[in-house]
Amino acid sequence: MLAVWVRLLANRTKNLLQAEFNYALSYWGIMRFTHLPTFVSVEPANFCQLHCPECPVGMCSHEDKENKLLTIEQFRHILDAVQNHVHTIQFYFQGEPLLNHDLAKMIRMAHDVGLYTIVSTNAQNLTAKLAKELVYAGLSRIIVSMDGLSEESYGAYRIGGNLHKTLSGLGYLKTAKLESGAHIHIELQCLKLRTNEHEWPLLKRSYKKMGADSLTLKTAQFYDIRQGNPLMPSSTRDSRYYCDDNDVWHVKRRVGHVCRRVYMGIVVDVDGNVRPCCFDKGGKYILGNLLTQSLTEIWNSDRAKHFREAVLHHRKSIDICQNCTE
């Protein structure tokens, strides 16, 4: 067993070092991908209970697509494909992960092969029982989204959600952590919005009392930004965007030719499709399918090479890159 762990650690470390070196070369315009992904985001569910106005899943009606859950068998196949190379599995993409009743089992499988595991959730389904299952499964980190300290501010973005459920979920996680002695990190995340900006000072003072270990105040992403958005914070200092002299809004970060995400990770959706990064919400740049192809085959495919070349030489023309902060 020790020999297996040593081999996994050696393979992952070697792959990470190669990835970092290849990424550094991209600053000189050199495209080299002799490594494989160092982390993977896996989508446990492609649907959600909420209707957040700037979320592709929340904006569409539930009738627009088939609700799907990743199965244990599918995840086992994905895990077998990536475990020799990645150091982290993120159990989230577009849908709500906790809607998958097998999530704790998947986390346990990843934990048992020494992978760092992360879940991001709206916590609406986070019961005391489920919190205990996640913690005892060996979950490394959980991000709980809570965009307000009152039902009014919370509901302005998390449409259909309940603030009390989120706060209860945080409490359940804290209790399970203390009872188990686990080292899980509980992160509370709040989007910076005009509707909750008056609550940030109180949030900074009180997040630990709620059960969180850390607080992240995150700038919000908006899709149609040219004319601004009423949810944008009152100060551009707290936004991803700025307004020019013609009252047109733009992303602050200037899109360059290098992209760390393209070098380091992939996204595997609920159907097993591999996407180059989390900004490919619509699946426009699917590179292959990990349920029917090997990771090496997908990573070195013509589709992957063409996408990377486009990022390296024409990134400003790639639509999914235009709202990226990378």
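The values are calculated or read from the model by the stated rules, or taken from the named source; none is laboratory data. Because the structure is predicted, anything quoted here is derived from the model rather than measured. Note that each Cβ is placed from the backbone with ideal geometry, even for glycine, and that neighbours are counted across all protein chains shown. Only protein heavy atoms, including side chains, enter the accessible area calculation; ligands, DNA and RNA are left aside. Shrake-Rupley method; radii C 1.70, N 1.55, O 1.52, S 1.80 Å.
When you scan the stretch 229-323 for helices (runs of 4 or more DSSP H) that lie fully inside it, which ones turn up with 2 or more residues that are within 22 Å of Ala19 (Cβ to Cβ), open to solvent by 20 Å² or more (accessible area, probe 1.4 Å) and not basic (Lys, Arg)? Output list reads 295-299, 302-314.
Rundown of residues vs (1) in a helix (DSSP H, G or I); (2) of a type in the set (Val, Ile, Thr); (3) over 19 Å from the mean Cα position of the chain (by Cα), yes/no style:
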{"residue": "Leu8", "(1), (2), (3)": "yes, no, yes"}
{"residue": "Glu20", "(1), (2), (3)": "yes, no, yes"}
{"residue": "Asp80", "(1), (2), (3)": "yes, no, yes"}
{"residue": "Phe93", "(1), (2), (3)": "no, no, no"}
{"residue": "Ala104", "(1), (2), (3)": "yes, no, no"}
{"residue": "His111", "(1), (2), (3)": "yes, no, no"}
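Within the stretch 15-24, the set of residues being surrounded by 14 or more Cβ atoms within 10 Å (Cβ to Cβ) and not small (Gly, Ala, Ser) comprises Asn15, Leu16, Gln18, Glu20, Asn22, Tyr23.
Among the residues of the stretch 116-123, is any out of contact with any strand residue (DSSP E or B) (no Cβ under 6 Å at 6 or more places or on another chain), in a loop (DSSP other than H, G, I, E, B) and surrounded by 18 or more Cβ atoms within 10 Å (Cβ to Cβ)? The answer is no, given that none of the residues of the stretch 116-123 is out of contact with any strand residue (DSSP E or B) (no Cβ under 6 Å at 6 or more places or on another chain), in a loop (DSSP other than H, G, I, E, B) and surrounded by 18 or more Cβ atoms within 10 Å (Cβ to Cβ). The set of residues in the stretch 66-77 being touching a helix residue (DSSP H, G or I) at 6+ places or on another chain (Cβ under 9 Å) and either in a loop (DSSP other than H, G, I, E, B) or more than 26 Å from Leu50 (Cβ to Cβ) (or both) consists of Asn67, Leu70, Arg76.
Here the condition is being closer than 28 Å to Asn15 by Cβ and open to solvent by 20 Å² or more (accessible area, probe 1.4 Å); of Asn84, Asn67, it holds for Asn84 alone. Assessment of the stretch 42-61 against the conditions (assigned to a helix (DSSP H, G or I), without any contact (Cβ under 8 Å) to a residue 60 or more places away in the chain, open to solvent by 40 Å² or more (accessible area, probe 1.4 Å) and over 20 Å from Leu290 (Cα atoms)) yields at least one matching residue.
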